[in-house]
Amino acid sequence: MTNETWTIQDSDRLYNVSKWSNGYFKIEENGQLKATPNPNKNVGIVINDVIEEAKEQGIQLPLVIRFHDILRSQVKLLNNTFQKVIDDEDYRGKFFGVYPVKVNQMREVVEEIVDAGSRYNYGLEAGSKPELLSALAYNNNADSLTVLNGYKDRDYLKLAILGAKLGRKIFVVIEKFSELRMLVELGKEHGVIPFIGIRGRMSVKGRGKWESSGGDKAKFGLTTSEIILAIEFLKKHDRLDMLKLFHFHIGSQITDIRSIKEAIEEGSRIYCKMQKIGAPLQYFDVGGGLGVDYDGTNSTNDSSINYSITDYITDIVYGLKSVCDLEGVEHPHIITESGRAITAHHSCVITNIIGEIDNTKIEFSTKQETGEHNLVTEMRQVGEVLEKTKNWQEAYNDALKIKTDSIHAFKLGILELEERAKIETMHLRILKEINSLVPEEDFQSELMQDLENTLSGQYLCNFSVFQSACDSWAIEQVLPVVPLTRLNEKPLKRSTLADITCDSDGKIDRFYDPDEGFKKTIAVHQLNEGEEYRIGIFLTGAYQDVMGDMHNLFGRVNEVHVYADSDDPKGFYIEETVEGNSARQVLSTMQYNPEFMAFKVKRYIDRQVSRGRIRPRDGVSLVDFYEDCLKSYTYLK
Ligand SMILES: *Cc1c(COP(=O)(O)O)cnc(C)c1O
């Protein structure tokens with residue numbers, strides 16, 4: 001396909017945008033990527049415009065853009081879909097979703113979700129004391145729920161009692177039997193206890209990366225016998241009336257809808273049987289697990305899901321209803337703890353390419369010389385034969401063998417540096433020639449993959465994988481990556497994306513290609529002189545956003561919080577910017593004292609000035625420069 005006939009539809013297909021974006025991102029006719037955060041309204045936000053405006057405000061790349069409207073849309077989607085399915089199925093319980101704070105604890109994110117969810121009585125879930133502290137302060141809707149998971153100590157439980165005293169609907173989910181004893185004891189002291197939930201240890205596991213959250217060996221939850229003992233214990237202490245909720249969580253990013261069906265089957269039986277032995281349950285909490293289709297394949301790949309949000313909800317409502325009807329038990333209220341699906345789409349990381357690492361461009365003279373080593377001559381002959389016969393398979397094997405032999409020979413001291421350079425240059429030339437000869441139908445072959453990896457360059461991106469896309473490094477999570485402009489132009493190169501940490505692991509090299517499956521390289525445009533090439537890493541709003549670390553002391557990146565506005569000429573406004581870390585901030589977290597550092601460096605400079613090795617004027621500007629660097633952003637300018 002030539003450049004002239006390349007369309008934005010081709011780019012959409014290549015980068016799979018329509019498949020992973022949930023309708024929140026689209027390509028414009030002029031080749032720019034835009035966000036469409038309210039799928040029902042026709043407002044589009046050109047991402048490049050947001051970057052330009054941020055730059056005018058002095059905000060540099062890399063940066064995180066948060067589309068707050070996407071958070072709101074996802075909260076609405078979950079609640080409205082539940083409402084619709086509940087109506088359609090004549091289900092008699094209600095839906096009370098909670099957002100698990102651990103998935104993205106940023107205050108602005110939690111506030112937006114609580115606000116968007118207020119008319120649905122959408123609540124919060126906390127899994128630790130700090131998260132509970134935030135839920136107590138921010139879940140200010142008396143009709144929504146606060147669900148408390150995770151291991152608990154006395155202070156955690158006392159905070160839950162504090163919440164109950166404030167009139168909140170607090171549910172303490174018992175993960176371990178000892179928590180129940182502690183809670184009942186504290187209840188005697190304080191006169192009040194929150195509602196109680198029990199987490200069941202399910203035999204079903206979610207398939208995928210997080211399958212160990214379920215199953216008999218899971219970290220959390222009570223076994224069947226413990227559940228029976230817990231009911232007896234509460235009866236004995238006259239607190240059985242507070243046991244209102246049954247909970248399970250079989251893992252995050254459940255890729256296969258079958259696991260959900262199985263979990264609902266098992267969970268609803270446990271719920272009904274608990275009712276029958278006297279537990280006055282009213283709430284059925286299915287935990288998290290609603291996945292995100294990161295690669296857009298609608299499959300059971302680890303980075304995909306084979307179901308829609310409607311399928312998920314229908315299976316919960318329908319499955320639960322059938323079992324309850326069979327067992328003659330009233331339909332419970334349903335709770336989900338979806339975090340990933342609510343937050344993943346709302347934020348993306350924007351970075352710019354600061355250079356290219358391409359070893360294949362080096363051209364070294366390979367002219368024949370008398371007395372050259374045999375291996376050099378042999379490599380030259382492989383090239384000449386290939387030229388004549390076009391037998392690329394044979395040439396590939398021969399060249400590879402000579403290349404390997406030459407490295408051995410070099411290590412033994414038989415080959416000179418120049419001879420090794422010649423062999424490498426000729427080898428690359430042969431590979432390029434082979435690359436142009438292999439027919440299309442062989443593109444998937446191992447040889448082809450190897451060729452492509454050897455011949456592709458790397459684009460150097462101004463960001464840290466460890467800070468901004470840590471799951472891509474830790475668990476090979478696939479995240480969609482798309483250039484923000486020139487999408488009406490055919491991308492003529494393939495490349496991996498290397499970050500600026502000093503770590504060879506610091507790169508993104510797993511991409512989904514609709515024609516060729518998972519690849520180490522992504523199609524990108526050639527860099528134009530004097531023009532910044534910007535790419536976005538998408539679906540980073542869940543976990544990625546808050547799990548980043550300080551590798552190489554890069555720290556948090558700049559953020560802009562964007563709202564759509566149909567009255568605005570550009571369709572948006574930046575409501576807030578949050579500055580990323582400066583060098584002094586990241587140094588301070590590692591126990592350095594930046595003032596003292598500046599003081600020491602100034603003293604060293606003064607000493608050189610007094611020795612006459614630095615001119616006084618230069619000394620002053622060097623001191624200023626050091627101090628400026630301490631104050632500046634950690635990433636490349
Ligand atoms: C992590 C977690 C969640 C969130 O799961 P998602 O798959 O992100 O929706 C919900 N509940 C519990 C108990 C969790 O540990």
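The values are calculated or read from the model by the stated rules, or taken from the named source; none is laboratory data. Just so you know, these numbers come straight off a predicted model, no measurement behind them. All Cβ positions, glycine included, derive from the backbone under ideal geometry; neighbour counts span all protein chains shown.
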Note to self: Anything in segment 154-178 that is within 32 Å of the chain's Cα centre (by Cα) and either basic (Lys, Arg) or at pLDDT below 95 (or both)? List them, or say none.
What the structure shows: LYS169, GLU175, LYS176
Margin query: If the requirement is being more than 13 Å from the ligand (Cβ to nearest atom), under 18 Å from ASP311 (Cβ atoms), among the hydrophobic types (A, V, I, L, M, F, W, C) and modelled with pLDDT of 95 or more, which of these qualifies: ILE231, ILE264?
Written below: ILE264
Check: Hey, does segment 191-202 have a residue that's small (Gly, Ala, Ser), within 15 Å of the ligand (Cβ to nearest atom) and out of contact with any Ser or Thr (no Cβ under 6 Å at 6 or more places or on another chain)?
Finding: yes
Check: Given the structure, is ILE605 part of a helix (DSSP H, G or I) and over 19 Å from the mean Cα position of the chain (by Cα)?
Finding: yes
Item checked: Tally, over segment 284-303, of residues that are more than 24 Å from GLY150 (Cα to Cα), within 14 Å of the ligand (Cβ to nearest atom) and either modelled with pLDDT of 95 or more or not acidic (Asp, Glu) (or both) -> 3
Margin query: Residue under question is LYS152, and the condition is that it be under 30 Å from PHE177 (Cβ atoms), buried (at least 17 other Cβ atoms within 10 Å of the Cβ) and of a type in the set (Lys, Arg); does it hold?
Written below: yes
Next item on the list: Scan segment 551-576 residue by residue and report those that are surrounded by fewer than 17 Cβ atoms within 10 Å (Cβ to Cβ) and either assigned to a strand (DSSP E or B) or without any contact (Cβ under 8 Å) to a residue 60 or more places away in the chain (or both).
Entry: ASP567, ASP568, PRO569, TYR573, ILE574, GLU575, GLU576
Item checked: Subset of segment 246-281 that is β-branched (Val, Ile, Thr) and out of contact with any strand residue (DSSP E or B) (no Cβ under 7 Å at 6 or more places or on another chain) - its residue that is surrounded by the most Cβ atoms within 10 Å (Cβ to Cβ) -> ILE254
Notebook entry, point to check: Mind checking which residues of segment 88-124 are within 16 Å of the ligand (Cβ to nearest atom) and more than 23 Å from the chain's Cα centre (by Cα)?
Noted result: PHE95, PHE96, GLY117, TYR122, GLY123
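Per-residue answers, yes or no, for (1) among the acidic types (Asp, Glu); (2) within 16 Å of the ligand (Cβ to nearest atom); (3) surrounded by 18 or more Cβ atoms within 10 Å (Cβ to Cβ):
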{"position": "ILE309", "(1), (2), (3)": "no, yes, yes"}
{"position": "VAL317", "(1), (2), (3)": "no, no, yes"}
{"position": "THR336", "(1), (2), (3)": "no, yes, yes"}
{"position": "ILE357", "(1), (2), (3)": "no, no, no"}
{"position": "GLN368", "(1), (2), (3)": "no, no, no"}
{"position": "LEU412", "(1), (2), (3)": "no, no, no"}
Item checked: Top-ranked residue of segment 66-85 - restricted to ones that are out of contact with any helix residue (DSSP H, G or I) (no Cβ under 6 Å at 6 or more places or on another chain) and aliphatic (A, V, I, L, M), ranked as nearest to VAL323 (Cα to Cα) -> LEU78
Notebook entry, point to check: Restricting attention to segment 234-261, and to residues there that are of a type in the set (D, E, K, R) and assigned to a helix (DSSP H, G or I), which single residue is farthest from the ligand (Cβ to nearest atom)?
Noted result: LYS236
Checklist line | Test result for ALA564, within 24 Å of ASN22 (Cβ to Cβ) and of a type in the set (A, V, I, L, M) | finding: yes
Next item on the list: Hey, can you tell me all the residues within segment 152-175 that are in contact (Cβ under 8 Å) with a residue 40 or more places away in the chain and within 16 Å of the ligand (Cβ to nearest atom)?
Entry: PHE171, VAL173, ILE174, GLU175
Check: So which residues in segment 525-568 are away from the ligand (no atom under 16 Å from the Cβ) and of a type in the set (Ser, Thr, Tyr), if there are any at all?
Finding: TYR533, TYR563, SER566
Check: Out of segment 577-591, which residues are at negative phi and either surrounded by fewer than 17 Cβ atoms within 10 Å (Cβ to Cβ) or assigned to a strand (DSSP E or B) (or both)?
Finding: THR577, VAL578, GLU579, SER582, SER588, THR589, MET590
Margin query: Looking only at residues that are loosely packed, with under 14 Cβ neighbours inside 10 Å and acidic (Asp, Glu) in segment 419-458, which one is nearest to THR370 (Cα to Cα)?
Written below: ASP450
Next item on the list: State all residues of segment 497-520 that are part of a strand (DSSP E or B), touching an Asp or Glu at 6+ places or on another chain (Cβ under 7 Å) and over 24 Å from GLY555 (Cβ atoms); if no residue qualifies, say none.
Entry: TYR512, LYS519
Next item on the list: Can you tell me which residue within segment 291-313, out of those that are outside any loop (DSSP other than H, G, I, E, B) and among the hydrophobic types (A, V, I, L, M, F, W, C), is farthest from ILE264 (Cα to Cα)?
Entry: ILE309
